[in-house]
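Worksheet: the structure to be examined is printed underneath.
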Amino acid sequence: MPRKSFQLFGNSLFHPVSLILIANVVIYIFQIFDARGLLIYHFGLIPRLVSEGSFWQIFTYGFLHSPGGFLPIHLLFNMYAFFMLSTIIGPSIGNKKLVSLYFLSQLGGGILVFSFAWINLTLFNGEFVLLDSWKDPTIGASGAVFGLLAVFGLMFPEMEIYLLFIRVQARNAVWISLFLGYGLALILDARISNTGHLGGALSGFAFYYFFLRDQRSNFKMPFPMTLKKKPAQKSFQEVKQETLEDVFSVQLKANKQLLGKLQTMPKLEKIPFLKTVQVNDANICPSIAFNPEDSICLRCEWIANCALRKELENS
């Protein structure tokens, strides 16, 4: 029996989500011992240094977080949001697109920070508070997180999440977050990279339109002030069933097609076929739990792995 690999929050240590989490935590540990702040100086996003040739900072800033204090609040908040969002949208778009979305949003946030800092310096002598500073560093993965949040809102607009204890629809989450961020920066002079958030969100929108839009044909552009007529009250079971159908509709359709193909396939061809559609690093259930008619199994992205194991046991 193969030895089970180490897990991190239900994923293999080599799963892309796990690797991103580990990378951010390891770099933060290095930051703790970096008393002179050299990591932030060389790898944080300082527009003046980017203009002088440190182009990598437009990307590397996303791996650094604000050190200090008893808890690494900046790191914890970003990584928690990243993990939750990736858990929801990852099964629908796949790991390659998830990682591409994350890093392109991080890059998009960095490019917009540099651009707005240059505009601020050129037009306002660096004194416009809502634009970025030419000399101060920007750090944090929130630009990448906002890219995921934007895609989440487009894919599952009716789902609800909490923003600072306020329940909002996913379609409005990015806009409300940006509004709150700019408000805090203007009123309380909070050190928030709103430009990075905006750049990440815009990158997420662009990524969806170019690579993901076909997966949801009935998409409508979200708008923060959209008002909807209050629907009739539904039972908990009805809401739960509709939510499951919505979130896992793509996977459910794919699994039904796979199982339907297996039923019409000669027995000798089933195992070779299933070997071609296996999911790497799958954390599948015990063999006795596999039931292709069960609603949970039908929504699982690893059903091909379980089906192969069942065929091997029966051969």
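The table below lists the values:
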quantity	calculated
Per-pair calculated FRET efficiency, R0 = 45 Å: Asn291 and Phe179 via Cβ, rounded to 0.05	0.45
Counted charge near Glu311, where neighbours are those whose Cβ lies closer than 11 Å (Asp, Glu -1; Lys, Arg +1)	+3
The chain, helix-only ellipticity at 222 nm - DSSP H runs n ≥ 4, -39,500 (n - 2.57), divided by all residues, nearest 500	-18000 deg cm²/dmol
Centre separation in Å (Cα based) which lies between region 53-130 and region 258-296	39 Å
Sequence ranges 272-285, 141-154, ranked by mean other-Cβ count within 10 angstrom, highest first	141-154, 272-285
Environment charge of Gly204, counting only residues whose C-beta is closer than 14 Å and scoring Lys/Arg +1, Asp/Glu -1	+3
Sites excluded, GluC sites (Glu not before Pro) in DSSP loops with at most 15 other C-beta within 10 Å, longest stretch of the chain	159-292
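Just so you know, all these numbers are worked out from the coordinates, no wet-lab data involved. Quick caveat: nothing in here was measured; it's all calculated off a predicted structure. Reconstructed Cβ throughout: ideal geometry from the backbone, glycine too, with neighbour counts over all protein chains shown.
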